[in-house]
């Protein structure tokens with residue numbers, strides 16, 4: 001089964017090469033880095049919008065990239081059931097493009113947050129969590145200044161099982177101290193109703209190799225392996 005993933009490169013992106021490396025060299029799946037104006041959806045089984053500062057985060061994070069031609073191509077993939085994934089800045093882009101509900105606001109500390117955090121798996125049926133167990137706690141780093149998730153439709157998200165990850169302690173407790181940015185209800189990642197579009201603020205591509213993990217964990221690999229499994233099931 002020949003699976004092919006695209007990682008979109010926006011001007012100002014700085015995590016695209018990290019994602020390419022992990023997918024090509026660690027997960028061993030064919031992945032192309034594609035300039036946002038050149039992306040054509042028919043060539044790919046899934047797409048990742050990486051972290052960074054697309055278009056310098058001018059106006060507000062993700063808003064300019066949300067109007068890129070790449071997003072209209074990704075919209076076709078979304079409707080077709082293929083996985084569309086946004087990491088950090090990519091999550092911001094997906095909310096601005098209204099692929100995902102809610103918004104990412106400035107951290108409540110008013111400071112850039114860069115550290116390892118713990119994520120509790122709240123939904124293990126999505127395109128990026130199907131190889132995880134409900135309640136698993138993953139060690140994944142964050143690096144953002146506008147990562148505070150907010151929505152005025154929290155009840156709807158809960159009823160539809162659209163909350164994918166929450167910031168927690170190592171034991172899986174949802175405490176205020178475990179919340180690095182003031183996100184509503186500790187929310188770190190959400191999905192669409194169909195569960196093929198996932199956005200999260202933490203960086204799984206930075207938690208996929210033991211050499212760069214403070215505890216030797218490679219929890220980020222499960223995220224990408226779930227995406228590949230989702231594609232295999234869809235193609236089968």
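Each reported figure results from applying straightforward, stated rules to the coordinates on display, with no laboratory input. Here the structure is a predicted model, which is why all the values come from computation and not from measurement. All Cβ positions, glycine included, derive from the backbone under ideal geometry; neighbour counts span all protein chains shown.
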Using a simple spin-label model with points 7 Å from Cα along the Cα→Cβ vector, what separation in nm is obtained for residue 156 and residue 173? 3.4
Segment residue 35-residue 194, extension gain: residue separation times 0.36 nm, minus the distance between their alpha carbons: 54.5 nm
Where both partners of a DSSP beta bridge lie in the stretch 4-235, what percent of those bridges are antiparallel, to the nearest 5? 60
In whole Å, how far is the Cα centre of the stretch 97-119 from that of the stretch 129-168? 11
Return a whole-number percent for the relative contact order of the chain, with Cα pairs under 8 Å and 6 or more residues apart as the contact set. 20
Correct choice for log10 I(q)/I(0) by the Debye sum over Cα atoms at q = 0.10, 0.11, 0.12, 0.15 Å⁻¹ that was computed from the model, options [x] -0.39, -0.47, -0.57, -0.94; [y] -0.61, -0.70, -0.80, -1.05; [z] -0.50, -0.61, -0.71, -1.06: [x]
Listed residues 50, 101, 69, most fluctuating in the chain (Gaussian network, C-alpha, under 10 Å): 69
Burial ordering of 105, 200, 23, 193, fewest other beta-carbon atoms within 10 Å first: 193, 105, 23, 200
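What shape does the stretch 9-125 have by the C-alpha gyration tensor, where a ≥ b ≥ c are the square roots of the eigenvalues, rounded means a/c under 1.5, and otherwise prolate means a/b greater than b/c and oblate the rest? List each step's numbers first, then the result.
Details: a/c = 1.41, a/b = 1.23, b/c = 1.15.
Taking the square roots of the gyration eigenvalues as a ≥ b ≥ c, the stretch 9-125 is rounded.
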Set of the stretch 6-40 residues, backbone N closer than 15 Å to the point 7 Å along the Cα-Cβ line of residue 58: 11-13
With r as the distance between the Cβ atoms of residue 236 and residue 108 and R0 = 45 Å, compute the FRET efficiency 1/(1 + (r/R0)^6) and round to 0.05. 0.55
